[in-house]
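Nothing in this text is a laboratory measurement; each read-out follows from the coordinates by a stated rule. Source: prediction; values computed, not measured. Positions of Cβ are generated from backbone atoms using ideal geometry, with glycine treated the same way; all protein chains shown enter the neighbour counts.
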Amino acid sequence: MSPKIRIWRPFLWLWASPATLIGMSIGVLGLLTGGTVERHGRTLEFSGGCIRWMLARTPIGAVAMTLGHVVIGRDVQSLTRCRDHEWVHVRQYERWGPLFLPAYLGCSLYLWLLGYDPYRDNPFEVEAYDEDRRRAAETGGKSPSPPADDLGAEGEGD
C-alpha cells in the first residue's frame with residue numbers, strides 16, 4: 001500500500017463514519033439475533049439474524065447493503081456473491097462521506113419522478129454493476145478479493 005493511501009486512511013474512516021455507525025448498530029442487532037460477523041479488508045460484514053428479515057423487506061428485496069465500512073447481508077453466501085459490488089459502495093462512501101446517503105436517495109427519488117428505475121438507473125448502482133462486470137471478466141467469475149490499493153494491500157487480512 002502506498003504511503004499516501006496509508007496517510008489518508010484515518011480520514012476516510014472518519015468521513016464515512018456516520019454511515020458506518022448505522023451499519024454497526026444494525027450489525028450488532030444481527031449478532032444479538034444469531035447473526036455472524038467477519039472482517040474482509042477494511043470492511044466488517046454482518047449477516048444472518050434479523051438482518052436477513054430486514055433486507056428482505058427493503059423495496060428491492062436486497063440481499064446485501066453497504067453502510068460506510070460495514071456490509072450487511074442476508075447470509076454469508078450473499079456477502080461473498082455481492083462483495084465486489086458492495087466494495088464499490090465502500091469506495092463511494094469514502095468519496096462522499098456523510099453526503100452519500102442523501103445523494104443516493106436523492107438520485108433515486110429524482111429517477112423515480114422521471115419514470116426511471118430508482119435502483120438500476122441510479123448512477124451509484126451503475127458504477128457498482130459496471131465494476132461487477134469488469135471484475136468478473138478479469139477473474140473468470142472467481143471469488144473476489146480486495147484490490148491491493150483499494151480495500152487493503154494485504155487483501156483479506158488488512
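Looking at segment 115-125, can you tell me whether even one residue there is touching a Ser or Thr at 6+ places or on another chain (Cβ under 7 Å) and either assigned to a helix (DSSP H, G or I) or of a type in the set (S, T, N, Q) (or both)?
The answer is yes, given that some residue of segment 115-125 is touching a Ser or Thr at 6+ places or on another chain (Cβ under 7 Å) and either assigned to a helix (DSSP H, G or I) or of a type in the set (S, T, N, Q) (or both).
So which of VAL37, VAL71 ends up being surrounded by 18 or more Cβ atoms within 10 Å (Cβ to Cβ), part of a strand (DSSP E or B) and among the aliphatic types (A, V, I, L, M)?
VAL71
Can you tell me which residue in segment 46-73 is nearest to TYR93 (Cα to Cα), limited to those that are touching a helix residue (DSSP H, G or I) at 6+ places or on another chain (Cβ under 9 Å) and β-branched (Val, Ile, Thr)?
THR66
Output the residues belonging to segment 1-45 that are under 16 Å from GLN92 (Cα atoms), without any contact (Cβ under 8 Å) to a residue 40 or more places away in the chain and either in contact with a Pro (Cβ under 9 Å, 6 or more places away or on another chain) or among the basic types (Lys, Arg) (or both).
ARG9
Looking at the structure I just gave you, is SER78 in a helix (DSSP H, G or I), touching a Ser or Thr at 6+ places or on another chain (Cβ under 9 Å), at negative phi and surrounded by 14 or more Cβ atoms within 10 Å (Cβ to Cβ)?
yes
Just one of the numbered conditions (1) under 21 Å from GLU125 (Cβ atoms); (2) surrounded by fewer than 21 Cβ atoms within 10 Å (Cβ to Cβ); (3) touching a residue at least 60 places away in the same chain (Cβ under 8 Å) is not true of ALA62; which one?
Exception for ALA62: condition (3).
For the subset of segment 1-25 comprising residues that are under 14 Å from the mean Cα position of the chain (by Cα) and among the aliphatic types (A, V, I, L, M), which member is surrounded by the fewest Cβ atoms within 10 Å (Cβ to Cβ)?
Looking at residues that are under 14 Å from the mean Cα position of the chain (by Cα) and among the aliphatic types (A, V, I, L, M), I get LEU21.
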